[in-house]
Structure formats: C-alpha cells, structure tokens
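Asks: Quick one: the structure is below, questions incoming.
The values are calculated or read from the model by the stated rules, or taken from the named source; none is laboratory data. For clarity, every value in this text was computed on a predicted model and none was experimentally measured. Here the Cβ positions follow ideal geometry from the backbone for every residue, glycine too, while neighbour counts run over all protein chains shown. Just so you know, the surface numbers come from the protein's heavy atoms only, side chains and all, with ligands and any DNA or RNA stripped out. Shrake-Rupley method; radii C 1.70, N 1.55, O 1.52, S 1.80 Å.
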Amino acid sequence: MIPLRLPLTILALSLLALNVTAQKADITLQKIWKSGEFAAKGVSGIRSMNDGLHYTSNVREKNIQYIVRYAYANGDAIDTLFSSKGLSTFDGKPFEFSSYDFNSNESRLILAGDEERIYRHSSRAYFYSCEVRKNNISPVTDFSKGKQELAAFSPVANKVAFVRGNNIFINDLDSQQEQQATFDGKWAQVINGALDWVYEEEFSFHRGFYWSPGGDRIAYYRFDETEVPEFNISMYTGLYPSLYNYKYPKAGERNSLVQIFVYDLAQNKSREVEISANAEQYIPRIAWTQSPGKLCIMRMNRHQSHLEFLLADAALAGNTVAAKIIYSEKSATYIDINDNLIFLEGEKYFIWNSEKDGWNHIYIFDMQGNEVAQLTHGNWEVTEFYGADQKDGILYFSASMDGPLSTSVYSTPFRSVLRSYEKSRNTVVPAADTRKDHTLLTPNKNSNRADFSKSFKYYINSESGSGKPPYIGLWDNKGNKIRELESNNLLQANIEKYNIAPVEFSKFRTTAGHELHYSMIKPVNFDSSKKYPMVLIVYGGPGSNQVANRWGGSDFFWHQMLAQNGYIIVSVDPRGTMHRGRDFKHSTYLQLGKLETEDFIESAKYFGSQSYIDSERIGIMGWSYGGYMSSLCMTKGADYFKLGIAVAPVTNWRFYDSIYTERFLRTPQENPLGYDENSPINYVDKLKGHYLLVHGSADDNVHYQNTMEMVKALVKADKHFDLYIYPDKNHGIYGGNTRNHLYTKMTDFILQNL
C-alpha cells in the first residue's frame, strides 16, 4: 500500500536529493568553446628511442624549448639532448622549432623552424641540424633559396635529403657539398619527392621519397599534374581578394601521371622503375624491403579493386629498374590501403592486412606472394596493427573482438606459425578461430589505443569511454601497468559538477531486417510520460563509426547541453560503417548515400514510434559526410525530419575528388545514376523543414562550390533556408572565436525551430 504522506525523514531526504541535483551546474557554450573547461589533457610528443627503453619529448619552459630524454620504466629525466636557450634563427629571431628528427644512431638532430602548411598534412619550413647535446644549429641548406620540405637524414651518413621547389636535393653536412637529384620540378606541373593534393588527402601520407637502408639510393615519386584541372579559391584578406590555385582532380577527371624513380647517389643518376605508369592507376605506397636494393611498389587500378605488390631490384644494372609482381589481390568492390606492410628479417616473408575472408585480418605471405598463414581469424576486425617484434616473434594489434563499440589491444605469436609452415614443407597453416591464442593487454570494455616503443617492451595506452576522459598509462608488453601518465582526474571531478546524462547504447532492427547500433542521451530529468524533441547526430561515411564507447570531446558536451535543454540526442551507425565486416561496410558500393539515407529515415521512424519522442519534432545534423547525409535526409526524407543542419556538406559527388569518390562510386561516366540519384542537390524540391547550410569559403577539401550550387538549386526551387559562411576558413572551420560562433548559431537554430 502506498502511503498518502511520506514520513518527514524520507520527505527531507527526497528534498535534499532534489536540491543536490538542482545545485549541479549547467553546461554553456562559453565553457565548451572559450574557457576550455572540458578540454582533456593528453600525452603527446613522445618519441621512442632506438633502445626502446627511453623516449624523448619536446618540453617548453617559458620561451625555451628542450628535447629531454626520459626512461620508460620510471619516467625519470635522464638528460637534455637539446636546448634552444640563446639560439637564434638565420634572420636573428629567437629560435623555435615545431618538430624534430634523429639520425639513425641518434647523434644528430634535424629541427624544423618557421613551419607553414601546404595541405592538410604537408608543410614547408627552414630545417636546421645540430649535434646532440651541443646546441650548435646550422642550416641544412642555403635558406635564401626558399623553404624546404620533408628533410630526412641518410641512414648511414651525415647527409640530409629534402625537397625544395618540387625538386630533391641532398646536402653532405660534413663537406657542405649539395647535389641536386631532380631538375624538372615546377609548381602545378611536376612534383618530385612530395605528393599532390589528392594522394596526400585520400591515401593519408605526405612523404614522397625514401632513403634505402644502405643510404646509397633514394626512391621517389614523380607527379606530372600538368593535365589535372586547377581549382581556384578566393581569399578575402586585404583590399583585393587573392586567388589560391592548386590542382584538384574531381571524380572522372584527369589524375596526375605518377612514376617511381630510384636515384643513385654515387652515379648521380635516376632510373625509372618499370610500373607501366599511366594516369589510370595509383601507387599508394612504396617501401624498401630487408633485401639490399629491393624496393616494393604497391600498384592499384583506378577503381581501387585490384592491388599488386611489385618488387624491383635497383641493384641490377640497366637504364630502367625492372619490376615483377609478387602479390595480387582483387575485390568485387574496393581494397583499403594501410601502412601495415612489414617485411620480416631473413628476406623470406612479409605481413599484410586483408579483408579477403570478409573481415580485416592479418596474414603472412612468402616473397612469392603465397599465403603462409592467417594470423587472426573470426567475425571481428583488426582495427590497428602496431607492428611486429621480430626478435621475440610477436605481433601487436588492436581489435573489436567484443563488438563494434570498443577496441582492445592484443599480442599474438607468429614465430611458431613460421616454424610449422617450414616443418610441413610449405603447407599453408590452416586458419582457426585464434581468439584463445591472443593475449589481451587492455582488460577493460572501453576504447583503447596504444603507442609502442621501438623494442615493443613498453606501450603507452590511451583508454577512454563515453563520458570518461582519456586515462593514459605506461604498460609493459605483458599488460602490466608501470605507471600513470595522465589520469584526467581533475576533469572527471569537474564533469561531476554538471548535469551530465549517461550515454545509453543499444540497437534496433529496421523494417528490412538490418540491425543498427545506436547511442542515446536523454535529459537528466527524463520523464517517460512526456514527449521530447530529438536530434539525430550523423556522419555515416564508409569505414567510419560514430556509435562507440569512447571520449567524445567538445561535441559530447554540446550534445549534453542540448539534452540539458530538453532534447534527446541520438547517433546511429548505418550500413557502410566499420567494425561489422566487409559486406556490411561495402554494402553501399556504387550507390553511396542511398542505403545510409534509408537507414536514417528508418531511425526517424523507429525513434518517432517511441512513446517518449515527438515524431513531429525530429532534427538531423552532420558535418562533411554527415552534412551530405543531413541534406539528403532533409530532401529525400523530408516527411520525417523537421530540421536539418549541414556543415561543409558534399551536395553532388561530381564536385568531390577522384580517389575518394571513385573508390565507392566509380566514375560519373561509368555510374551516372549512382551519382545523380544520391546527390541532395537534385532533390531540393522535396525540402519542407528548416534547413541551415554552413561552409568555410576556403575549404580545399569539400569545396564551397558544393554549398553555392545547393543555394542556386534551392533558390530555383523557391525553397527558403538559412546560410552561414565563414570567410577564409577551411574544412575544420576553427580559429579564434569561430567554433563558439558556429555552435551558438547551430544551438539557436535548434532551439528556435525544434
């Protein structure tokens, strides 16, 4: 029987509990974007030394920078390898450096000063060299000739190679004799030793030359981008706007012609590697093997569905360097490229990741490309491959064995597999569900990422969860904790002062039978008898995932702030996302956007059918690919979404770059319907709800053109919308007060219209 009146003690306790809840602070945009109150601390700039027992870090005290050597085991500072105290640049300013590299025996340093960005990952700078512990910096070349890129020590001599003016140079630091390896480099025409925009952006690397292990040769890329169409970006600084011009191949347009050369230092001569160079193929990686003079070249067709490893022997005489195919892999869709190719000592085997059995796993092959063994197996994904300890015969990797929401770090032996293979006279070691053979190094249910020392004896692990800021610690390779590096306890304690709602994870099944994972944040004072508006936060791009048990940074607190204002915040990973196998990830092939839109519409239907969600007040918001999805949902799914925000969206895949777009859609010439039937620019007549478009005018990735063309289509269809443009801002739209301004606009737009 329920009493009509609560006893006074219970009533007092209840009022006290309500008062405690009421006393918790509210999150504000200023606290997220201005004061940095919710910024998590990290551990960055740590670089393992050759012995694997020590690391270095760039430490700044006042206006002086130090490179300090520490012991992994206890964190003690051993000595200072460099100090900028009293040093000045070539033009007399106090010396500051943004990055540094050691030579092979760690006796000398290269330091980059006055660095400036070229593209997202690349930069140019003035490079200095110095002897460790002597602080006697000197320019690696004549600075009056311009800044340099990618300066790198020879592995065996006191020489530095670098790129300047799209050409490769090598300077002997002892004799100060400089030799020029290439001569035809020219901006917007020929690039030697560096990469063009689309390779850097979509194949995720930026170095275009590599010293051979013996230091006698340099393998390098040569890009001829003469025929690649040029894109112009207006910059609105100054009395008259200026133009930034660069080569950007859109889908179906001409790519750079890419060649691979090997420069012989002794002969002062370059020889082309025979890879049948043409603009309809890609060379996403090159790497020297363990064999002297032997270079491996990855080659892909333009569809990115056929991958080959070519082996070239630069030690052989000839006017060119012959190459032969040692490994080939084909897919009915596409093949992802990574940095996991490792050639094992002994020149007999290599390790590579593949999705060929339906999940991303690690394999060993012999040097003829024959499969030796599948080292990991099962209905789960290897998410990151950290490397192979060849001394002890152990691999280290992270995987989503426990489902797509989290990742853990593991080790597994491979030496015994090779012994079994050789003992059986080269019979492939059968694959089995080898979960039991892997050692779990991070026994938690959160998301983990490791950074191993060069000896693989130690690793720094960053563990985070939803609402749990990163906990960073040092561990040994058996999974034993050595010490804490950063707990973020102060941030955690601060978070507990605010009205933070837990993130709930679950899944639902669409009417077509597809199981989709989702996360949900409800208001702290959630009442199931009420109906709440909902905001669906989306990304949905191929091989991504948003629904994960990991730290969400500033966006997590924005979502909490919206929940604090009475909104339910939901994220869903549609078909095409990762950690659920190749077939799920590749299901969107040739029809990018179609299935994802269907899944987000299904999400609106499912959540709108819940008793506590108002189906008439569902909004959707996304950035980049997410902006593309929110735009499609506001047009194709206009009946289900009352509000949409699209930040830096693709509005027509014909406007985006060749490598990314054609990987999933092929070319517009081959697959016009795949482009046109899934581009929101073609469905603006369906728009019903409140629609906000946001773009940075200097976006070199998803061009401002996408938004301008969307605006033209909306005006033609007599559809009204809101538009926010950030002058001279790139794809990230940040700097100064920009993020605070943007999120204030988006928040107000939601509060006023949903």
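Asks: Looking only at region 176-196, which residues are among the polar types (S, T, N, Q) and closer than 17 Å to residue 257 by Cα?
Replies: So the first thing to find is which residues in region 176-196 are among the polar types (S, T, N, Q), and the list is 176-177, 179-180, 182, 189, 192.
Within region 176-196, 182, 189, 192 qualify.
Asks: Sticking with this one: From the residues in region 20-54 that are of a type in the set (Val, Ile, Thr) and surrounded by 13 or more Cβ atoms within 10 Å (Cβ to Cβ), which one is nearest to residue 461 (Cα to Cα)?
Replies: 43
Asks: In the set 339, 357, 392, which member is in a loop (DSSP other than H, G, I, E, B), open to solvent by 40 Å² or more (accessible area, probe 1.4 Å) and under 22 Å from residue 462 (Cβ atoms)?
Replies: So the residue among 339, 357, 392 that is in a loop (DSSP other than H, G, I, E, B), open to solvent by 40 Å² or more (accessible area, probe 1.4 Å) and under 22 Å from residue 462 (Cβ atoms) is 339.
Asks: Shifting gears a bit: Inside region 55-65, can you point out the residues that are open to solvent by 50 Å² or more (accessible area, probe 1.4 Å) and in a strand (DSSP E or B)?
Replies: 58, 60, 61, listed by residue number.
Asks: On to the next question. Within region 197-204, is even one residue under 23 Å from residue 661 (Cα atoms) and part of a loop (DSSP other than H, G, I, E, B)? Let's see the steps before the verdict.
Replies: Narrowing region 197-204 to residues under 23 Å from residue 661 (Cα atoms): 197-204.
Keeping just the survivors that are part of a loop (DSSP other than H, G, I, E, B) gives 203-204.
Yes, there is a match, as at least one residue in region 197-204 is under 23 Å from residue 661 (Cα atoms) and part of a loop (DSSP other than H, G, I, E, B).
Asks: Taking only region 667-686 into account, find how many residues are part of a loop (DSSP other than H, G, I, E, B), under 15 Å from residue 597 (Cβ atoms) and open to solvent by 10 Å² or more (accessible area, probe 1.4 Å). Spell out the reasoning first.
Replies: Taking region 667-686 as the starting set, the residues that turn out to be part of a loop (DSSP other than H, G, I, E, B) are 667-671, 677-679, 683.
Imposing the further condition that a residue be under 15 Å from residue 597 (Cβ atoms) reduces the set to 677-679, 683.
Checking which are open to solvent by 10 Å² or more (accessible area, probe 1.4 Å) leaves us with 677, 683.
The total comes to 2.
This table checks each residue for (1) in contact with a Leu (Cβ under 8 Å, 6 or more places away or on another chain); (2) of a type in the set (Phe, Trp, Tyr); (3) modelled with pLDDT of 95 or more.
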site	(1), (2), (3)
475	yes, yes, yes
494	no, no, no
504	no, no, yes
508	yes, yes, yes
511	no, no, yes
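Asks: Mind counting the residues in region 235-259 that are open to solvent by 40 Å² or more (accessible area, probe 1.4 Å) and either of a type outside the set (Ser, Thr, Tyr) or assigned to a strand (DSSP E or B) (or both)?
Replies: Total meeting the criteria: 11.
Asks: Condition test on residue 226, is it open to solvent by 10 Å² or more (accessible area, probe 1.4 Å) and at pLDDT 95 or above?
Replies: yes
Asks: Still on this structure, I have one more. List the strands (runs of 3 or more DSSP E) that sit entirely inside region 69-187 and contain at least 3 residues that are closer than 30 Å to residue 473 by Cα, aliphatic (A, V, I, L, M) and open to solvent by less than 50 Å² (accessible area, probe 1.4 Å).
Replies: It comes to 108-117.
Asks: List the helices (runs of 4 or more DSSP H) inside region 573-663, counting only whole elements, that have at least 2 residues being over 20 Å from residue 563 (Cα atoms) and touching a Ser or Thr at 6+ places or on another chain (Cβ under 7 Å).
Replies: 594-608, 625-635
Asks: What single numbered condition from (1) within 28 Å of residue 309 (Cα to Cα); (2) not in a loop (DSSP other than H, G, I, E, B) fails to hold for residue 408?
Replies: (1)
Asks: Have a look at 425, 449, 419 and point out the one that is out of contact with any Cys (no Cβ under 7 Å at 6 or more places or on another chain), within 14 Å of residue 550 (Cβ to Cβ) and open to solvent by 30 Å² or more (accessible area, probe 1.4 Å).
Replies: Just one listed residue meets the conditions, 449.
Asks: Of 263, 282, which residue is buried (at least 21 other Cβ atoms within 10 Å of the Cβ), in a strand (DSSP E or B) and over 22 Å from the mean Cα position of the chain (by Cα)? Spell out how you get there, then give the answer.
Replies: Details: 282 fails: over 22 Å from the mean Cα position of the chain (by Cα).
Just one listed residue meets the conditions, 263.
Asks: Considering 110, 137, 118, which residue is more than 24 Å from residue 84 (Cβ to Cβ) and touching a strand residue (DSSP E or B) at 6+ places or on another chain (Cβ under 9 Å)?
Replies: 118
Asks: Determine whether residue 606 is more than 25 Å from the chain's Cα centre (by Cα), surrounded by fewer than 24 Cβ atoms within 10 Å (Cβ to Cβ) and more than 30 Å from residue 36 (Cα to Cα). Give the steps one after another, and end with the answer.
Replies: Details: more than 25 Å from the chain's Cα centre (by Cα): yes; surrounded by fewer than 24 Cβ atoms within 10 Å (Cβ to Cβ): yes; more than 30 Å from residue 36 (Cα to Cα): yes.
In short, yes.
Asks: Among the residues of region 697-754, what is the count of those that are in a loop (DSSP other than H, G, I, E, B), under 20 Å from residue 634 (Cβ atoms), open to solvent by 10 Å² or more (accessible area, probe 1.4 Å) and touching a residue at least 40 places away in the same chain (Cβ under 8 Å)?
Replies: Looking only at that region, the number is 2.
Asks: Just the residues that are more than 24 Å from residue 660 (Cβ to Cβ), touching a residue at least 24 places away in the same chain (Cβ under 8 Å) and outside any strand (DSSP E or B), please, taken from region 300-320.
Replies: Of everything in region 300-320, those that are more than 24 Å from residue 660 (Cβ to Cβ), touching a residue at least 24 places away in the same chain (Cβ under 8 Å) and outside any strand (DSSP E or B) turn out to be 314, 318, 319.
Asks: Filter region 244-277 for residues that are without any contact (Cβ under 8 Å) to a residue 24 or more places away in the chain and farther than 30 Å from residue 656 by Cα and give the result.
Replies: Once the filter is applied, which keeps residues that are without any contact (Cβ under 8 Å) to a residue 24 or more places away in the chain and farther than 30 Å from residue 656 by Cα, region 244-277 yields 267, 269.
Asks: Can you tell me which condition residue 584 does not meet? The list is (1) in contact (Cβ under 8 Å) with a residue 12 or more places away in the chain; (2) open to solvent by 10 Å² or more (accessible area, probe 1.4 Å), and all the others hold.
Replies: (1)
Asks: Can you tell me how many residues within region 24-52 are outside any strand (DSSP E or B), over 28 Å from the mean Cα position of the chain (by Cα) and aliphatic (A, V, I, L, M)?
Replies: Adding up the residues that qualify gives 1.
Asks: Also: Name the residue, out of 317, 312, 287, that is at pLDDT below 95, of a type in the set (Gly, Ala, Ser) and at negative phi.
Replies: Result of the check over 317, 312, 287: 317.
Asks: Which one is modelled with the lowest pLDDT, of the residues in region 418-430 that are assigned to a loop (DSSP other than H, G, I, E, B) and more than 10 Å from residue 372 (Cα to Cα)?
Replies: 425
Asks: Look through 399, 332, 322 and report the one residue that is buried (at least 19 other Cβ atoms within 10 Å of the Cβ) and small (Gly, Ala, Ser).
Replies: The unique qualifying residue is 399.
Asks: Are any residues in region 204-218 of a type in the set (Phe, Trp, Tyr) and either without any contact (Cβ under 8 Å) to a residue 40 or more places away in the chain or open to solvent by 10 Å² or more (accessible area, probe 1.4 Å) (or both), and if so, which ones?
Replies: Kept after step one, since they are of a type in the set (Phe, Trp, Tyr), are these residues of region 204-218: 205, 209-211.
Passing the criteria: 205, 210, 211.
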